[in-house]
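A single structure is presented below for examination.
The values are calculated or read from the model by the stated rules, or taken from the named source; none is laboratory data. As the structure is a computational prediction, the values presented were derived from the model and not from experiment. For neighbour counting, all protein chains shown are included, and Cβ atoms are generated from backbone atoms with ideal geometry for every residue, glycine included. For accessibility, only protein heavy atoms count, side chains too; no ligands or nucleic acids. Shrake-Rupley method; radii C 1.70, N 1.55, O 1.52, S 1.80 Å.
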Amino acid sequence: MKKKVAIIDYGMGNLRSVEVSLNYLGIKNQLINNPNNLKSFTHIILPGVGSFNTAIKNLKKCNLYKFLIKLSKNKKIKILGICLGMQLLFSSSTEDGFCEGLNIIDGKVEKFSKKEVGRLKIPHVGFNQILIKKKIDFFENINNKSDFYFDHSYRVKKYNSKINSVISNYGTDFLSAFSHDNIYGTQFHPEKSQSNGLKLIKNFIDN
């Protein structure tokens, strides 16, 4: 099957930088904000910057909320959530009050606490190492303890232990990436993570 990549445009994403990365890799892509136009795509990227609560409202407004949940059950379609986009794949968040997520993966999103991070600043901004617990195709040709670029105050906590998890530490361990069947997520921004990020995006498309 010919690979077709959609970037979801729901008014919350760092769309341009994701688009530039895909173009650099020679991967054809298209910005999509209508569920009716998603049916022919093999790969879907859900970026995101901003509030979890607002993002869910926007997805519902665009009629993408239920459609993405439905698409996630089709194992032939691969979905990648980036930063806020990854968080939206989980059950709920406490950002701006409790809000239900897409609930594609079981897990809760909560803010880093000062008790956890100590003297470190919130949000967590900048390059940080990732710890690959076991071999994952998503991280093929990427060395353990490689650096990726983060920018977030909230992180996934109490998540499904069956997912293939990648961990980072910012005063406390947190989920920095995962894969589970056809669903992928990165708390970091691969499109802003230089060569390592480009490798990861290519792995998502190729593997």
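Please enumerate the residues belonging to region 148-177 that are over 21 Å from E19 (Cβ atoms), out of contact with any Leu (no Cβ under 9 Å at 6 or more places or on another chain) and either buried (at least 16 other Cβ atoms within 10 Å of the Cβ) or touching a residue at least 60 places away in the same chain (Cβ under 8 Å) (or both).
N164, T172, F174, L175
Taking the residues in region 87-115 that are at negative phi, among the acidic types (D, E) and not in a strand (DSSP E or B) as candidates, determine which candidate is surrounded by the most Cβ atoms within 10 Å (Cβ to Cβ).
E95
For region 186-202, what are the residues that are open to solvent by less than 20 Å² (accessible area, probe 1.4 Å) and either among the basic types (K, R) or closer than 19 Å to E19 by Cβ (or both)?
Kept after step one, since they are open to solvent by less than 20 Å² (accessible area, probe 1.4 Å), are these residues of region 186-202: 186-190, 193, 197, 200-201.
Selection gives T186, F188, H189, P190, S193, G197, L200, I201.
I need the full set of residues from region 56-86 which are of a type in the set (A, V, I, L, M) and assigned to a loop (DSSP other than H, G, I, E, B), in order please.
If the condition is that a residue be of a type in the set (A, V, I, L, M) and assigned to a loop (DSSP other than H, G, I, E, B), then L64, I77 are the ones that fit.
A follow-up question, please. Got a number for residues in region 116-150 being farther than 24 Å from N182 by Cα, β-branched (V, I, T) and assigned to a loop (DSSP other than H, G, I, E, B)?
Narrowing region 116-150 to residues farther than 24 Å from N182 by Cα: 116-129, 145, 147.
With the extra rule that they be β-branched (V, I, T), the set shrinks to 117, 122, 125.
Applying the additional criterion that residues be assigned to a loop (DSSP other than H, G, I, E, B) yields 122.
Residues that pass the stated criteria total 1.
Would you say D96 is among the charged types (D, E, K, R) and closer than 25 Å to N207 by Cβ?
no
Residues are listed down the side, and each one gets a yes or a no for (1) more than 22 Å from I205 (Cβ to Cβ); (2) of a type outside the set (A, V, I, L, M):
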{"site": "K3", "(1), (2)": "no, yes"}
{"site": "M12", "(1), (2)": "yes, no"}
{"site": "V18", "(1), (2)": "no, no"}
{"site": "L22", "(1), (2)": "no, no"}
{"site": "L31", "(1), (2)": "no, no"}
{"site": "L71", "(1), (2)": "no, no"}
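For residues that are in a loop (DSSP other than H, G, I, E, B) and open to solvent by less than 40 Å² (accessible area, probe 1.4 Å), scanning just region 38-55, find the one that is farthest from N203 (Cα to Cα).
Residue satisfying both the conditions and the ranking: S51.
Same structure, new question: So, in region 102-136, exactly how many residues are over 22 Å from K162 (Cα atoms), in contact (Cβ under 8 Å) with a residue 12 or more places away in the chain and of a type in the set (K, R)?
Number of matching residues: 1.
Give the residue, chosen from N58, N29, N128, N34, that is open to solvent by 50 Å² or more (accessible area, probe 1.4 Å) and either modelled with pLDDT of 95 or more or in contact with a Cys (Cβ under 9 Å, 6 or more places away or on another chain) (or both). Full working, then the answer.
Details: N58 fails: open to solvent by 50 Å² or more (accessible area, probe 1.4 Å); N29 fails: open to solvent by 50 Å² or more (accessible area, probe 1.4 Å); N128 fails: open to solvent by 50 Å² or more (accessible area, probe 1.4 Å).
Of N58, N29, N128, N34, the one residue that is open to solvent by 50 Å² or more (accessible area, probe 1.4 Å) and either modelled with pLDDT of 95 or more or in contact with a Cys (Cβ under 9 Å, 6 or more places away or on another chain) (or both) is N34.
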